[in-house]
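What follows draws every value from the coordinates through simple rules; no lab data is involved. Note that the structure is a prediction, hence the values are computed from the model and not measured. Counting neighbours? That spans all protein chains shown, and the Cβs are built from the backbone with ideal geometry, glycine included.
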Amino acid sequence: MTWLAARRPAAPPTLVEPMTRWLTDSPASLPDHLALAGRALLDRVLARPDGARELALDLLAADALVTYAFEAQAELDADDLVRVAERIAGGGA
C-alpha cells in the first residue's frame, strides 16, 4: 500500500507484514479501510483470550492500523474523526 509505505517515520518492518496482510483491495475510503482492518485484527486477538505472546504482534498491528486510520482521516477531513472512531468502536457498523 503506497500510502502506508510513505508514512514517516516508517512503520517497523516487523509490523508491516501483519498490517498489510489485513489490507486487501477495498472500495472503502482509506480511513475506513484502515479502521475496518484494524478492528478485524483486534477482533481476532480478542477471540483468543487464551492467547499470549503469539498475539502481541497482531495487537500492535491492530493498534497501528487504527492509528493510521485516524491519521488518514485527519489528512482528508478532521471533522470526520468521530465517524472513524464510531466505525472502530462499532466493529464496522
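The table for this structure:
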item: Cβ-based net charge around Pro18, under 13 Å, with every Lys or Arg adding one and every Asp or Glu removing one; result: -2
item: Computed label-point distance, nm, for sites Asp25 and Arg83 using a 7 Å Cα→Cβ extension; result: 2.5 nm
item: Angle in degrees between helix 56-76 and the longest Cα principal axis of the chain, rounded to the nearest 10; result: 0 degrees
item: Environment charge of Trp3, counting only residues whose C-beta is closer than 15 Å and scoring Lys/Arg +1, Asp/Glu -1; result: -2
item: Calculated diffusion of the chain, Stokes-Einstein form, Kirkwood radius summed over Cα pairs, 25 °C and 0.890 mPa s, µm²/s; result: 184 µm²/s
item: Additional length obtainable on full extension of the chain from Ala10 to Asp43, 0.36 nm per residue less Cα span; result: 9.4 nm
